[in-house]
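First the structure, in the form of structure tokens, and then the observations on it.
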Amino acid sequence: MTEQGPVLELDGISASYGSVQALDDVSLVAHAGEVIGLVGDNGAGKSTLIKIISGVQSPDSGRVVVDGEERHWRSPHDAMQAGIETLYQDSSLAPHLSIGSNIFLGREIRRGGLLGRLGFLDQRSMERKALEELENVGVTVPLSRRTVSQLSGGQRQAVAIGRAVLWSQHVIVLDEPTNHLGARQSQEVLHVIRRARERGLCVIFVSHTLPHVIEVTDRIVVLRLGRVVRDAPTSQYTVESLLATITGLVAAPGS
Amino acid sequence: MSDAGGMPRVRPREDRVPWARRVRATIANQQFVLFVVLVALLVFFGSQNSRFFTTAEFTNLIIDFCGLILLAVAETYVIISGGIDLSVGSTVAISGVVGAFAMETLASHHVGEVAILLVGTVVCAGIGGAVGVLNAVLITKANLVPFVATLVTLSAGAGMALVFSRGADVGSNPAAISWSATGAWIFTWESMIVIAITIVLSLVLHFTAYGRYNFAIGSNAFAARVAGIDVRRHVASVYVVAGVLAGLTGMFFYIRLGAGAPTSGIGDELNAIAAVVIGGVSLVGGVGVMTGTILGAMILTVVTDGLIFINIQPTWNQVVVGAIIALAVVLQSLRPGRQGASA
Ligand SMILES: Nc1ncnc2c1ncn2[C@@H]1O[C@H](COP(=O)(O)OP(=O)(O)OP(=O)(O)O)[C@@H](O)[C@H]1O
Ligand SMILES: [Mg+2]
């Protein structure tokens, strides 16, 4: 891969909910083909940061720069169009819709001709392609006509991750993707993350499962009470030192 | 994406359904049960009074069905999107009264009959749409919950209809009445129009992107939003559509009556919601089928008209409707995996 500028830059991001300062001057630089771990205790501000990256929320101050260009998302749709796909901690699937309908939600395939222009959908193509594309990113699910509510928690998570990966152009943000997953399914998620990296995507991986973070990431950013307390290559952490940095029981080296 | 890779593909497991299971699934199918109930009711009332199976009576049944179905279609859209619209009944009254006033004014200026009815239809739909816009603003801008917002317009609409009409029927249009008696076979012209609208909106709900977004929003509004759907705009549009449908129903009643009555449609929101519930639409949103609503409305119509036919006091009507709703809800709760009935 040729030397390129960062695909995503956050610069001095601050955000608050009323009197709660959720993020305080957070900066982060992410490159293509890089997997970044974002860790921190409950309430550290990880999900808030992710919602700012993906356009669900706007920061109080600070800049979001994608591919060298400063962006102001008006909606999650803007971020999607800029190639940023997100798996949210709060489920981002519609449980009563089929797997195929969920994969193509907001990007429906229309029928040809006049019917298509009137908004009629090509449901069959969507169901078929959904399975194919999910397989391509390494996710296997049962028949795509099933509704998401008929899947197990792990299968739902797989569908959600698959959707994020297959639509992503630049950046995939995964907020606790291995939540509720068994050991084998978690390994599959890590495998999907590695494949995304091979495709040259930048992955931001939020998790409380520190061995997973150390296993799959290139760099780890630690948040505590809305601030970045450490940002270093994964090789410089062990599970123990990472834990200590998160909880703040030991001063972060170099600070 | 490329299909060329030599990697073995994992074939998805096809769900195999042996015929016995398929039969059981059909019986468990809400639509099927509703259809059987409808046929049973028709047979019952027909066996009690043979005049029930005449063209004239079927024409009446269809007219009564058409007075209800657009409101039920409106509720189907609104309820699947995760809301509710209590105002549709009042909107029938206010739009009918205002439309009648407009038509009366035109008639006094010797405008032709057809032109009067066309303008009246536009006025009724417009008033209905205006109420819908008001609902949409209260819900998507003032952030009132749909129940409260449409309770406001329910009261205001019913009150305005009374004030505007001074409590009496507005206008007198014998030409409309005689026109409404014409048509083909068991369908009057205005019934055909209502049925056509119903078919179009059924197709839109189940086969277009607009319909898909309606289910998605009712199922998980956050998911719909982060998938790039403009949830507020969609929800607003659904209430406007509901208002327009109520306005058209106002015109429908005007044609039948030859006048705009301030009592037309009052309370009909409950019948519409009943039809929707009987049809298996989930009140929490995200689930429903338009054919269910249509069957629900047919059942309600047949029961209401049939009871009159076999000389049972109309006062019993409400009790029977209540029993049917209870039965439908119990049936739904017995059905396994009832989450999965949608797009
Ligand atoms: N919608 C909200 N309204 C008010 N406060 C909020 C809201 N969402 C988050 N917060 C607050 O902002 C802070 C950061 O929350 P955030 O959800 O970003 O944490 P997190 O790091 O994702 O935590 P977790 O690991 O539990 O998911 C917390 O103090 C939280 O209470
Ligand atoms: Mg979180």
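Can you tell me the accessible area per residue over segment B:65-264, all protein chains present, probe 1.4 angstrom, in square angstrom?
On the way: 7650 Å² over 200 residues.
The answer is 38 Å² per residue.
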Computed helical MRE - 222 nm, chain A, DSSP H runs ≥ 4 contributing -39500 (n - 2.57), nearest 500: -9500 deg cm²/dmol
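Report the Stokes-Einstein translational diffusion coefficient (µm² s⁻¹, integer) for segment B:65-264, Rh taken as the Kirkwood radius over Cα pairs, at 25 °C with viscosity 0.890 mPa s.
Details: Rh = 17.2 Å.
For the chosen part, D equals 143 µm²/s.
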Farthest toward positive dipole pole in the protein assembly as shown [+1 Lys/Arg, -1 Asp/Glu at C-beta], among A:PRO59, A:GLN81, B:ASN60: B:ASN60
Computed helical MRE - 222 nm, chain B, DSSP H runs ≥ 4 contributing -39500 (n - 2.57), nearest 500: -24000 deg cm²/dmol
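Out of every Cα pair in segment B:205-320, what percent are spaced more than 26 Å from each other? It would help to have the intermediate numbers written out before the result.
Numbers: 2267 of 6670 pairs.
Counting every Cα pair in segment B:205-320, those more than 26 Å apart make up 34 percent.
Charges at C-beta only: +1 for Lys and Arg, -1 for Asp and Glu. How large is the resulting dipole of segment B:65-264 about its Cα centre, in Debye rounded to 20? Don't jump to the answer; show the numbers that get you there.
Numbers: 7 positive and 7 negative charges, 105 e Å.
The dipole magnitude comes to about 500 debye.
Could you give the size of the charge dipole of chain A about its Cα centre, using +1 on the Cβ of each K and R and -1 on the Cβ of each D and E, expressed in debye and rounded to the nearest 20? Please list the in-between numbers first.
Details: 25 positive and 28 negative charges, 204 e Å.
The dipole of chain A has a size of about 980 debye.
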Compactness relative to 2.2 N^0.38 Å, alpha carbon Rg of the protein assembly as shown: 1.16
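Evaluate peptide A:44-56: per residue, the Cβ atoms of other protein chains within 10 Å of its Cβ; return the mean as an integer.
Values: counts 0, 0, 0, 0, 0, 0, 0, 1, 0, 0, 1, 3, 3.
That works out to 1 on average.
Considering only protein heavy atoms and a 1.4 Å probe, what is the carbon-and-sulfur percentage of the accessible area of segment B:65-264? Each step should come with its number before you reach the end.
Details: 5740 of 7650 Å².
Heavy-atom surface of segment B:65-264 belonging to carbon and sulfur, 1.4 Å probe: 75 percent.
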Cα lying deepest toward the dipole's positive end in segment B:65-264, options B:ALA136, B:THR105, B:ALA158, charges on Cβ: B:ALA136
Chain pair A, B: total accessible area buried, heavy atoms, 1.4 Å probe, Å²: 3100 Å²
Shielding by other protein chains, A:95-102, mean Cβ within 10 Å: 6
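Quantify how strongly other chains surround peptide B:208-216 by giving the mean number of their Cβ atoms within 10 Å of each of its Cβ atoms.
Details: counts 9, 12, 3, 3, 11, 4, 0, 5, 8.
Counting other chains' Cβ atoms within 10 Å and averaging over B:208-216 gives 6.
Is the shape of chain A rounded, prolate or oblate, going by the alpha carbon gyration tensor and its root eigenvalues a ≥ b ≥ c, with a/c under 1.5 for rounded and a/b larger than b/c for prolate?
Details: a/c = 1.93, a/b = 1.55, b/c = 1.24.
Taking the square roots of the gyration eigenvalues as a ≥ b ≥ c, chain A is prolate.
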Global geometry of segment B:109-170, whether rounded, prolate or oblate, following the gyration tensor of its Cα atoms and the 1.5 cut on a/c: oblate
Dimensions in Å of segment A:192-255 - Rg and Dmax from alpha carbons: 12.3, 38
Solvent accessible area, Å² - A:HIS212, 1.4 Å probe, full protein context: 30 Å²
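Where in chain B are the DSSP H helices whose alpha-carbon span along the long axis reaches 24 Å or more and whose Kyte-Doolittle mean is at least 1.0?
On the way: long enough: B:30-48 (27 Å, 1.97); B:55-80 (35 Å, 1.61); B:88-108 (30 Å, 1.36); B:113-140 (39 Å, 2.05); B:146-165 (28 Å, 1.66); B:189-207 (27 Å, 2.03); B:231-257 (39 Å, 1.19); B:290-309 (28 Å, 1.71); B:316-334 (27 Å, 1.80).
Helices passing the filter in chain B: B:30-48, B:55-80, B:88-108, B:113-140, B:146-165, B:189-207, B:231-257, B:290-309, B:316-334.
With the cut-off at 17 Å, report for segment A:114-169 the share of all Cα pairs above it, as a whole percent.
Working: 659 of 1540 pairs.
Distances greater than 17 Å cover 43 percent of the Cα pairs.
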Rounded if a/c under 1.5, otherwise prolate or oblate - chain B, Cα gyration tensor axes: oblate
B:ASP305 accessible area, assembled protein chains, probe 1.4 Å, Å²: 20 Å²
Nitroxide proxy distance, nm - points 7 Å out along Cα→Cβ at B:HIS109 and B:LEU283: 4.7 nm
Which of A:ARG230, B:ARG212, A:ARG110 is most accessible, then next, and so on - probe 1.4 Å: A:ARG110, A:ARG230, B:ARG212
Listed residue (B:THR315, B:ALA168, B:GLN30) projecting farthest to the positive dipole end of chain B, Cβ model: B:GLN30
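About the Cα centre of the protein assembly as shown, how large is the charge dipole given +1 on each Lys and Arg Cβ and -1 on each Asp and Glu Cβ? Please answer in debye to the nearest 20.
1300 debye
The values are calculated or read from the model by the stated rules, or taken from the named source; none is laboratory data. Computed from a predicted model, the values in this text were never measured in an experiment. Because the Cβ atoms are built from the backbone with ideal geometry, glycine has one as well, and the counts that use them run over all protein chains shown. Accessible surface areas use protein heavy atoms only, side chains included; no ligands, DNA or RNA. Shrake-Rupley method; radii C 1.70, N 1.55, O 1.52, S 1.80 Å.
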